[in-house]
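The values are calculated or read from the model by the stated rules, or taken from the named source; none is laboratory data. Since the structure is predicted, the reported quantities are computational estimates derived from the model, not experimental observations. Every residue, glycine as well, gets a Cβ built from its backbone with ideal geometry; the counts of neighbours run over all protein chains shown. Note: areas computed on protein heavy atoms with side chains; ligands, DNA, RNA excluded. Shrake-Rupley method; radii C 1.70, N 1.55, O 1.52, S 1.80 Å.
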6 protein chains.
Amino acid sequence: MFGVTVRDHMMIAHSLRGEVFGPAQRLHGATYVVDATFRRAALDADGIVVDIGRAAEQLHAVLAGLTYRNLDEEAKLADINTSTERLAQVVADRLAARVHAGALGDTARELDGLVVTLHESHIAWASYERPL
Amino acid sequence: MFGVTVRDHMMIAHSLRGEVFGPAQRLHGATYVVDATFRRAALDADGIVVDIGRAAEQLHAVLAGLTYRNLDEEAKLADINTSTERLAQVVADRLAARVHAGALGDTARELDGLVVTLHESHIAWASYERPL
Amino acid sequence: MFGVTVRDHMMIAHSLRGEVFGPAQRLHGATYVVDATFRRAALDADGIVVDIGRAAEQLHAVLAGLTYRNLDEEAKLADINTSTERLAQVVADRLAARVHAGALGDTARELDGLVVTLHESHIAWASYERPL
Amino acid sequence: MFGVTVRDHMMIAHSLRGEVFGPAQRLHGATYVVDATFRRAALDADGIVVDIGRAAEQLHAVLAGLTYRNLDEEAKLADINTSTERLAQVVADRLAARVHAGALGDTARELDGLVVTLHESHIAWASYERPL
Amino acid sequence: MFGVTVRDHMMIAHSLRGEVFGPAQRLHGATYVVDATFRRAALDADGIVVDIGRAAEQLHAVLAGLTYRNLDEEAKLADINTSTERLAQVVADRLAARVHAGALGDTARELDGLVVTLHESHIAWASYERPL
Amino acid sequence: MFGVTVRDHMMIAHSLRGEVFGPAQRLHGATYVVDATFRRAALDADGIVVDIGRAAEQLHAVLAGLTYRNLDEEAKLADINTSTERLAQVVADRLAARVHAGALGDTARELDGLVVTLHESHIAWASYERPL
């Protein structure tokens, strides 16, 4: 199995609902350093998993829809707690939709899976892995 | 599959038994930067894998039982070579016992697995993965 | 010259005032991974710059006064733009006040200087250096 | 499952063939920071996955056959695009051949798998995973 | 003293002239992860050292003139050995010329200095510091 | 001013004397990831600060005299507390002696200074800077 990973980041404000979150129930924020890994059993005719440049562009486009925002006011996120692990899923699902729509090219439709990891600090991170 | 990772560290002295270890048969030491990843197929009602704060506390508690010690003198480790990979297992098993005892809360009993990685330097690390 | 550095982090929401900040004028947030370096020409009688444990505690205490907050609503920060470089100065000045008040012990009053670095992402950070 | 990882690097020139590569079709170069992970279900009699020293030596030997070279002129690589993911496979296969030849000792023949990751920059890396 | 740092990278081929360079006399290559630090005694009216966005753009523009190239064929570099430390100087001088030309805005002309660091691997890097 | 840095590591056991050290008074250990920076105002005739290969060899040789040992039993360290900052000085002074003895070549005698940083964990490090 092959994998290619690109890294980017977003900077957001948010708060979390539920006693378990303690002080994180207050409005605060995070930089998420985001790694997106594209997985594939065999390389394409060019000898790659996916074009790294295009992969980076698509990840950047997904993060552009989240960064420099207060996620508490985003209509599409109104029903969820924007925990790090849930946001990893949001990013992965939006990237997957782009892959399915052909944004990474035709051969990228043969991708087997996707892993998105959000680093919230030097001591904590979360990931979500899904098939494509 | 979701994962949440927390990082901490311990600083220990030890020696290793067996010719394969060369100079590491002498009493020496290591800082192990320890990553513990909790894995779960679906998020709980709060939208998380596990509370990051509690996960960090439990990892810290496990490492508190090992750090600032000479592992050669620890009765519970007397029968094993405290190689990096074996210590990863020791940490993982102790964390797993805490999860099973409820230290991470009731919903954490639905965790699917645990990965513990010990970084012994910038050029070597070892990990152990187990189900929960 | 000797230096000792400890690392911690804070997670805050804020917005920045001024056209130069572009989309960062919106309410957003950041994780700041914070490095505080204590500098000293000669070691103390124990052979150290400062006790690492106490240094870490004092840095943590300073960051506890900022983390999990919306800095736009902090009275003490009302007059400034909370840019990364300005926040580095705020953290350094608060740490310096603690050093002067004896929080790191008597010998820490012989410290020569302090550098605080705030990492806002994997591709950008800022620092402030001052004498003590 | 246990894993042990060692890190080394190589510095090469190359060019890539195919429009998808854009400016990377020109002769350029890369430092690849290379991580090789050896995986095994159970530890050997010494309590290890593989001797870290020998693993590092073997990885270094494999990279010595590639580093400080223009890969466009390497006969053994003439038929492939030396993309990061393909080079990960080349390194993994050469390491696997060494394992099978006994270079890591007899017990290393019980290894279950191998993962090789090549970091081409702070924002992009690729990996290849194979059984042993 | 304040500092703001931005990180980017370039991927180049080159060879070095002189017996001291051993195998690096052959055509090979490198990824340089490049950190540019802008230093300033006092913040500007917006409370910043320099706009991080513009600083990143200018660093990217300088690196765009070097990346994906064989430096042995660059006319402007014909007279020098493109060692890591020399390239740090090249990048710093080109960045300084842009600052002086106003590319970072008028207030950036008050910058006191610039440090450029090129990381050639996880175990070696070089830097060049100059006034502005 | 130019600088070139090489990184290596050592793994030692030790204990520290003095109440300030708390649990670190017990025999424990550390991995120190060691960065040695050589500084120089102007490059030599080859366009370098120092040969990176030779610098790495000399740092390795210095660390070979410390690693895989219990520092409490080293005669040459009997009079000092082997705190991280003091060990940074020990490594720097031993490297400086080698530079003065010509181990880095004749032109390396024109080096202006040396900085040695010892990382004891992901959250703490210490450094010592001296002229050459």
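Per residue, the accessible area of the protein assembly as shown comes to 37 Å² when a 1.4 Å probe rolls over the protein heavy atoms.
Net charge dipole, the range C:47-91: roughly 100 debye, given to the nearest 20, about the Cα centre with Cβ charges of +1 for Lys and Arg and -1 for Asp and Glu.
Taking all Cα-Cα distances within the range F:19-132, those exceeding 24 Å account for 29%.
Taking chain F as a Gaussian network of alpha-carbon nodes connected by springs under 10 Å, the highest mean-square fluctuation of the residues F:R109, F:R86, F:R17 belongs to F:R17. Taken as Cα centroids, the range A:1-60 and the range A:84-132 sit 6 Å apart, rounded to the nearest whole angstrom.
Sorting C:M10, C:M1 by accessible area puts them as C:M1, C:M10; the probe is 1.4 Å, largest comes first, and only protein heavy atoms count.
The fraction of accessible area contributed by carbon and sulfur in the range A:1-114 is 47 percent, rounded to a whole number (1.4 Å probe; ligands and nucleic acids excluded).
Accessible area of C:T37 (1.4 Å probe, protein heavy atoms only, ligands and nucleic acids ignored): about 30 Å².
Other residues whose C-beta falls under 15 angstrom from the C-beta of B:H14 contribute a net charge of -1, scoring Lys and Arg +1 and Asp and Glu -1. Full extension of the chain between F:E74 and F:D112 yields a length gain of 10.6 nm, computed as 0.36 nm times the residue separation minus the alpha carbon distance.
Residues considered: D:H100, D:H28, D:H14. Largest GNM mean-square fluctuation over chain D, using C-alpha springs under 10 Å, is found at D:H28. Given axes a ≥ b ≥ c from the Cα gyration tensor, I'd like to know whether the range D:1-44 is rounded (a/c under 1.5), prolate (a/b larger than b/c) or oblate. In terms of gyration-tensor shape, prolate. Label-to-label distances for B:A56 across copies, nearest first, come out at 1.2, 2.5, 3.1, 3.1, 3.6 nm, using points 7 Å from Cα in the beta-carbon direction.
The magnitude of the dipole of the range B:67-132, with charges of +1 and -1 set on the Cβ of Lys/Arg and Asp/Glu and taken from the Cα centre, is near 120 debye.
In order along the range C:44-56, the Karplus-derived 3J(HN,Hα) couplings, from 6.51 cos²θ - 1.76 cosθ + 1.60 at θ = phi - 60°, round to 7, 4, 7, x, 10, 7, 6, 5, 4, x, 5, 4, 5 Hz, and Gly and Pro are given as x.
Can you compute the charge dipole magnitude of the range E:5-55 about its Cα centre, using +1 on each Lys and Arg Cβ and -1 on each Asp and Glu Cβ, nothing else charged? Give it in debye, rounded to the nearest 20.
Details: 6 positive and 6 negative charges, 44 e Å.
Value, rounded to 20: 220 debye.
With distances taken between every two different alpha-carbon atoms, the range A:25-81 has a Kirkwood hydrodynamic radius of 14.2 Å. Across the identical copies, the label point of E:A41 (7 Å from Cα in the Cβ direction) is separated from its matches by 2.2, 2.2, 6.6, 6.7, 7.0 nm, in order from shortest.
Chain E's nearest residue to the axis relating it to D, judged by Cβ and reported with the distance in whole Å, is E:G29, 1. Projecting the Cα atoms of A:A30, A:A41, A:G18 onto the charge dipole of the range A:1-41 (Cβ charges, centred on the Cα centre) puts A:A41 farthest toward the positive pole.
Residues within the reach of a label modelled at D:R26 (point 7 angstrom out along Cα to beta-carbon, backbone nitrogen below 16 Å), restricted to the range E:24-48, are E:29-32. Projecting the Cα positions of C:G53, C:L118, C:H100 onto the charge dipole of chain C (unit charges on Cβ atoms of Lys, Arg, Asp and Glu, taken about the Cα centre) puts C:L118 furthest along the positive direction.
Rounded to the nearest whole Hz, the Karplus-based 3J(HN,Hα) values (6.51 cos²θ - 1.76 cosθ + 1.60, θ = phi - 60°) of the range C:24-34 follow the sequence 6, 6, 6, 5, 9, x, 7, 8, 9, 7, 10, with x at glycine and proline. Per-residue ellipticity at 222 nm, computed for chain D from helices alone with -39500 (n - 2.57) per DSSP H run of at least four residues, works out to -7500 deg cm²/dmol. Using a simple spin-label model with pseudo-atoms 7 Å out from Cα toward Cβ, F:M1 and F:A42 lie 1.8 nm apart.
Leaving ligands and nucleic acids aside, the B/A contact buries around 1400 square angstrom of accessible area in total at a 1.4 Å probe radius. Here is how far apart the A:E73 label points are across copies: 1.4, 5.2, 6.0, 6.0, 6.6 nm, shortest first, using a point 7 Å from Cα toward Cβ. For D:L16, the amide hydrogen comes within under 5 Å of the amide hydrogens of D:Q25, D:R26, counting only partners 5 or more places away or on other chains and with H modelled in the peptide plane.
With a ≥ b ≥ c the root eigenvalues of the C-alpha gyration tensor of the protein assembly as shown, is it rounded (a/c under 1.5), prolate (a/b larger than b/c) or oblate? Rounded shape, in that the Cα axes give a/c under 1.5.
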